[in-house]
Amino acid sequence: MEFIQTIIESLNVMTTYEAIAMILAIAYIVLAIKQSLWCWPAAFVSTLIYTILFYDVSLLMDSALNAYYLIMAVYGWYSWKYGGKLEQQELEVTTYGLNKNIQIIIVLTIISLGFGYVMANYTSADFAYVDSFTTVFAVFSTYMLAKKIIENWIYWIVIDIISIYIYIQKGLNLTAVLFMIYTILAFIAYQNWKKEYDNTKTSRV
């Protein structure tokens with residue numbers, strides 16, 4: 001009951017800009033599931049708002065991460081629109097395969113441990129290693145999404161689940177609910193993209 005009450009109170013104090021950013025963030029994933037180019041304009045506006053909001057409350061790393069998402073929204077739109085093998089062809093869903101994903105996970109984990117060590121020993125950051133893990137993997141997963149790599153959704157599912165734990169521990173319950181929605185949508189997205197990839201692969205055999 002306390003968790004639900006906190007969410008209701010958070011909704012009551014939510015600003016108009018926060019509400020717009022939250023709605024557009026959900027719209028971004030829903031549109032991405034459908035592989036609609038409109039997901040990127042939704043992402044652009046949402047992350048622009050979050051970049052400003054986080055900067056205003058001195059959450060500089062979160063603001064910087066959203067500034068990166070802002071750039072990737074532009075890149076993602078261009079990549080989806082013109083990134084196909086043939087000129088002017090829209091990008092198709094593809095896969096990295098197991099071996100390449102294992103290599104990526106190893107490299108990103110090492111980078112995360114490095115950032116985590118710095119944050120744990122030279123800053124006052126909470127959840128230094130875990131937060132570094134989610135941030136590093138989120139940066140690369142955004143690139144994977146922009147290239148329509150199907151495994152990006154698996155990465156996001158793990159990132160979102162870990163983020164839910166962090167946000168609940170920090171009392172950011174409304175954000176935790178938002179990431180619960182993200183997790184469900186990421187699972188649906190993976191299923192949809194996998195089905196399309198399998199169908200495309202089968203049709204070419």
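Tell me, please, whether a residue that is in contact (Cβ under 8 Å) with a residue 40 or more places away in the chain and surrounded by fewer than 17 Cβ atoms within 10 Å (Cβ to Cβ) can be found in segment 120-133.
Among the residues of segment 120-133, at least one is in contact (Cβ under 8 Å) with a residue 40 or more places away in the chain and surrounded by fewer than 17 Cβ atoms within 10 Å (Cβ to Cβ), which makes the answer yes.
Using beta carbons and a limit of 9 Å, which pairs, at least six apart or on different chains, have the first residue in segment 101-114 and farther than 20 Å from residue 150 by Cα and the second one of a type in the set (S, T, N, Q) and part of a helix (DSSP H, G or I)?
Once the first residue is farther than 20 Å from residue 150 by Cα and sits in segment 101-114, its partners that are of a type in the set (S, T, N, Q) and part of a helix (DSSP H, G or I) give 111/132; 112/132; 112/134; 112/135; 113/132; 114/132.
Looking at segment 20-43 only, could you name the residues that are open to solvent by 30 Å² or more (accessible area, probe 1.4 Å), in contact with a Leu (Cβ under 9 Å, 6 or more places away or on another chain) and modelled with pLDDT under 90?
Listed by number, the list holds a single entry, 22.
Could you figure out which of (1) within 26 Å of residue 190 (Cα to Cα); (2) at pLDDT below 95; (3) open to solvent by 70 Å² or more (accessible area, probe 1.4 Å) isn't true of residue 100?
Among (1) within 26 Å of residue 190 (Cα to Cα); (2) at pLDDT below 95; (3) open to solvent by 70 Å² or more (accessible area, probe 1.4 Å), the lone unmet condition for residue 100 is (2).
Specify which of the listed residues (117, 55) is hydroxyl-bearing (Ser, Thr, Tyr), modelled with pLDDT under 85, open to solvent by 50 Å² or more (accessible area, probe 1.4 Å) and over 18 Å from residue 186 (Cα atoms).
Sole residue among the options that is hydroxyl-bearing (Ser, Thr, Tyr), modelled with pLDDT under 85, open to solvent by 50 Å² or more (accessible area, probe 1.4 Å) and over 18 Å from residue 186 (Cα atoms): 55.
Could you check residue 163 against (1) among the polar types (S, T, N, Q); (2) out of contact with any helix residue (DSSP H, G or I) (no Cβ under 8 Å at 6 or more places or on another chain); (3) crowded, with 16+ Cβ neighbours inside 10 Å and say which number it fails?
(2) is the only condition that residue 163 fails.
What is the number of the single condition among (1) open to solvent by less than 60 Å² (accessible area, probe 1.4 Å); (2) at pLDDT 95 or above; (3) not acidic (Asp, Glu) that residue 94 does not meet?
If we test residue 94 against (1) open to solvent by less than 60 Å² (accessible area, probe 1.4 Å); (2) at pLDDT 95 or above; (3) not acidic (Asp, Glu), just (2) comes out false.
List the number of the failed condition for residue 151; all other conditions in (1) farther than 20 Å from residue 26 by Cβ; (2) modelled with pLDDT under 95; (3) surrounded by 15 or more Cβ atoms within 10 Å (Cβ to Cβ) hold.
Evaluating residue 151 over (1) farther than 20 Å from residue 26 by Cβ; (2) modelled with pLDDT under 95; (3) surrounded by 15 or more Cβ atoms within 10 Å (Cβ to Cβ) leaves (2) as the failure.
Over 18 Å from residue 147 (Cα atoms), free of Cβ contacts under 8 Å to residues at least 24 places away in the same chain and either among the hydroxyl-bearing types (Ser, Thr, Tyr) or outside any helix (DSSP H, G or I) (or both): which single residue out of 78, 117 fits that description?
Step by step, each of 78, 117 is checked, and only 117 is over 18 Å from residue 147 (Cα atoms), free of Cβ contacts under 8 Å to residues at least 24 places away in the same chain and either among the hydroxyl-bearing types (Ser, Thr, Tyr) or outside any helix (DSSP H, G or I) (or both).
The values are calculated or read from the model by the stated rules, or taken from the named source; none is laboratory data. Just so we're clear, the structure is a prediction, and the values are computed from it rather than from any experiment. Here the Cβ is made from the backbone with ideal geometry for all residues, glycine too, and neighbour counts use every protein chain on show. What goes into the accessible areas is simple: the full protein's heavy atoms, side chains included, and nothing from ligands, DNA or RNA. Shrake-Rupley method; radii C 1.70, N 1.55, O 1.52, S 1.80 Å.
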